[in-house]
Amino acid sequence: MSSMLQPQIILLKEGTDTSQGKAQLVSNINACTAVADVVRTTLGPRGMDKLIHDDKGSVTISNDGATIMKLLDIVHPAAKILVDIAKSQDSEVGDGTTTVVLLAGEFLKEAKPFIEDGVHPQNLIRSYRTASYLAIEKIKELAVSIEGKSLEEKKTLLAKCAATTLSSKLIGGEKDFFASIVVDAVIAIGDEDRLNMIGIKKVSGGNMRDSFLVSGVAFKKTFSYAGFEQQPKKFLNPKILLLNIELELKSEKENAEIRLSDPSQYQSIVDAEWNIIYDKLDKCVQSGAKVVLSRLAIGDLATQYFADRDIFCAGRVTEEDLQRVAAATGGTVQTSINNVIDEVLGTCECFEEKQVGNERFNIFSGCPSGRTATIVLRGGADQFIEEAERSLHDAIMIVRRALKNSTVVAGGGAIDMEISRYLWQKARKITGKSQLFINSYAKALEVIPRQLCDNAGFDATDVLNKLRQKHALPSGEGALYGVDINTGGIADSFANFVWEPAVVKINAINAATEAACLVLSVDETVKNPKSESAQGEAAASAMGGRGRGGGLRGRGRGMRRR
């Protein structure tokens, strides 16, 4: 009787939603599988694109896993983990974003029957981590190094890696053309770690093959005043002055006040303003610079002044472009024009202004530092150029990774099938339930070649059976065989130059396993949504407050403060 009279203990706020146990875990797995199904069809050279239309009315067409995941605006807390691993894969290695989401989804899908049968999640997590460790060791063993080759050989090998990445993109039809541009751009920046040293400029119009690489810096002509057309548009070996100051007459502040006792003094104030600007312009000319760039405005007076002295100037140059010009030409951005010495001036072999489509570009080529490059992209629709830029970003990242880590593996599902076979074999030597869990992990890895076949319209069962037979050969000669997208059969991926850096696969397996283990380790979800009435009250009080404030506290401009 006494136990019945005990007061109820309330720990959580009213309206808190808690879900726990097996049902909640299965629900999280289903949510992650649903997210993986969204990007499933974008995998591989025959992958489809997604058209995403957001609430602001902007339209994005893409088959890049990370881009799609960012734009989906997922609210399910467990499914957000897949968004995070896609982002981390994109920032770490640049490519393999769809692969990582697909693998994580498949690991969870394979774990679901075990969870429903009452297996403890920690047993699955332990086995998955063991399998991931074995898989990564196998990748390192199968990887082929491209170290020690000559520059020309290396360029060819890197172009193959870039072409493999681009083959699944919208610009896949011109993958060889863009692959060589990407490799040249990455080699141009050398050991420079900052990715923004490779600029990508978009100009609509023309076709894809009109795109070109500038071994230096190129940026669109900035806003200019009337005297601009009288300035020379081409220089050989010019000195370049980079500024972060305004070269125009500045208007007084709104509340500025000047008290004069004699009207004639007003002219001396006006003269002082003009003297200041002319002094600045004279110092720019005396520095010997033939090209003057500034991050801030260069006014009409300065533009005409420079035109009369055969000097080219451009104001309101973006911070990024100015930094790239500084890195390429060896100049330093100045915040004052006093005491400008030769050491802070940059130089290049050739500067010219050139028409590209309906835009005019300022192009600095033959730069002494040479640690920068610019790709000018051409194409029809704006969405197409946007997607081309995203595709080139992936290819640039891949080439940089291949250059730094210099080991590659066979693509086209070959490496996945080989790891899967290796894990099946390893599992046989393991006693206990772990054998089943590692087998399910091995089966999940087959999703990559299966999806490649499905997206290309081939019979996945038939192709996978052929691959299993080839990879099971005792001699190991079938280890490099993957899906042949062109014929619908199987082929030696390495011989066909379908390569990808080993780091992409290692990172993908690591991230996907961690994400799957994270979802499996969650046993309770606590959700505390605000009640509708509380939200309504907050909105009403905000509206009321705004109305009162508007009526009582407004003080017109120019009124004297009481």
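The values are calculated or read from the model by the stated rules, or taken from the named source; none is laboratory data. Every value quoted in this text rests on a predicted model; they were computed, and no experiment measured them. As a convention, Cβ positions derive from the backbone with ideal geometry for all residues, glycine included, and neighbour counts pool all protein chains shown. Note: accessible area is taken over every heavy atom of the protein model, side chains too, but ligands, DNA and RNA are not part of it. Shrake-Rupley method; radii C 1.70, N 1.55, O 1.52, S 1.80 Å.
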Carbon and sulfur %, accessible surface of the range 318-453 computed with the full protein complex present, 1.4 Å: 46
Qualifying aspartates and glutamates (Cα of each under 13 Å from Cα of residue 87; at least 8 residues distant if same chain): 64, 95, 394
Distance between the range 369-390 and the range 502-527 - C-alpha centres, whole angstrom: 34
From the coordinates shown, Cα Rg over 2.2 N^0.38 Å corresponds to which of (i) 1.04; (ii) 1.28; (iii) 1.11: (ii)
Cα long-axis angle, helix 447-456 against the chain (0 to 90 degrees, to the nearest 10): 70
Above-threshold pairs, the threshold being 18 Å between Cα atoms, out of 160/201; 112/433; 160/202; 140/175: 160/201; 160/202; 140/175
The range 226-326: radius of gyration and largest Cα-Cα distance (Dmax), Å: 16.0, 54
Solvent-accessible ranking of 341, 181, largest area first, probe 1.4 Å: 341, 181
Estimated FRET transfer efficiency (residue 473, residue 318; beta-carbon r; R0 41 Å; 0.05): 0.10
Extension gain (nm, one decimal) between residue 34 and residue 497, 0.36 nm per residue minus Cα-Cα: 163.3 nm
Members of 426/470; 22/466; 22/527; 466/505 lying beyond 27 Å, as alpha-carbon distances in this model show: 22/466
Estimated FRET transfer efficiency (residue 266, residue 341; beta-carbon r; R0 51 Å; 0.05): 0.85
Span from the the range 33-82 Cα centroid across to the the range 263-292 one, whole angstrom: 56
Within-12-Å neighbourhood charge of residue 229 [Cβ basis; K, R +1; D, E -1]: +2
Derived scalar couplings ³J(HN,Hα) [the range 30-47; Karplus, 6.51 cos²θ - 1.76 cosθ + 1.60; whole Hz; x for Gly, Pro]: 5, 5, 5, 5, 4, 5, 4, 5, 5, 8, 3, 6, 8, 6, x, x, 9, x
Heavy atoms of residue 424 accessible to a 1.4 Å probe, total area in Å² rounded to 10: 100
Nearest-10 value in Å² for the accessible area of residue 400, using the 1.4 Å probe: 40
Within-9-Å neighbourhood charge of residue 376 [Cβ basis; K, R +1; D, E -1]: +2
Heavy-atom accessible area order for 305, 481, 266, largest first, 1.4 Å probe: 266, 481, 305
For the chain: accessible area per residue (Å², 1.4 Å): 51
Rounded to the nearest 20 debye, dipole of the range 213-320 from Cβ charges on Lys, Arg, Asp, Glu: 680
Amide hydrogen neighbours beyond the local backbone of residue 205, cut-off 5 Å, H modeled: 379, 380
Whichever aspartates and glutamates have a C-alpha closer than 15 Å to that of residue 239, once near sequence neighbours (fewer than 8 apart) are set aside: 310, 342, 343, 349, 352
Segment residue 137-residue 245, length gained on full extension (0.36 nm per residue, minus Cα span): 33.3 nm
The chain - share of DSSP beta bridges that are antiparallel (%, nearest 5): 70
Förster radius 41 Å - calculated FRET efficiency between residue 282 and residue 358 (Cβ-Cβ, nearest 0.05): 0.65
Solvent-accessible surface (1.4 angstrom probe) belonging to residue 249, in square angstrom, nearest 10: 80
Listed residues 30, 94, 509: farthest to the positive end of the dipole of the chain (Cβ charges): 30
Accessible surface ranking that places the most exposed of 420, 215 first, with a 1.4 angstrom probe: 215, 420
Percent of alpha-carbon pairs separated by more than 15 Å within the range 160-233: 67
C-alpha long axis of helix 175-189 to longest principal axis of the chain, angle in °: 60
Within the chain: Cβ-based charge dipole about Cα centre, in debye rounded to nearest 20 (Lys, Arg +1; Asp, Glu -1): 1040
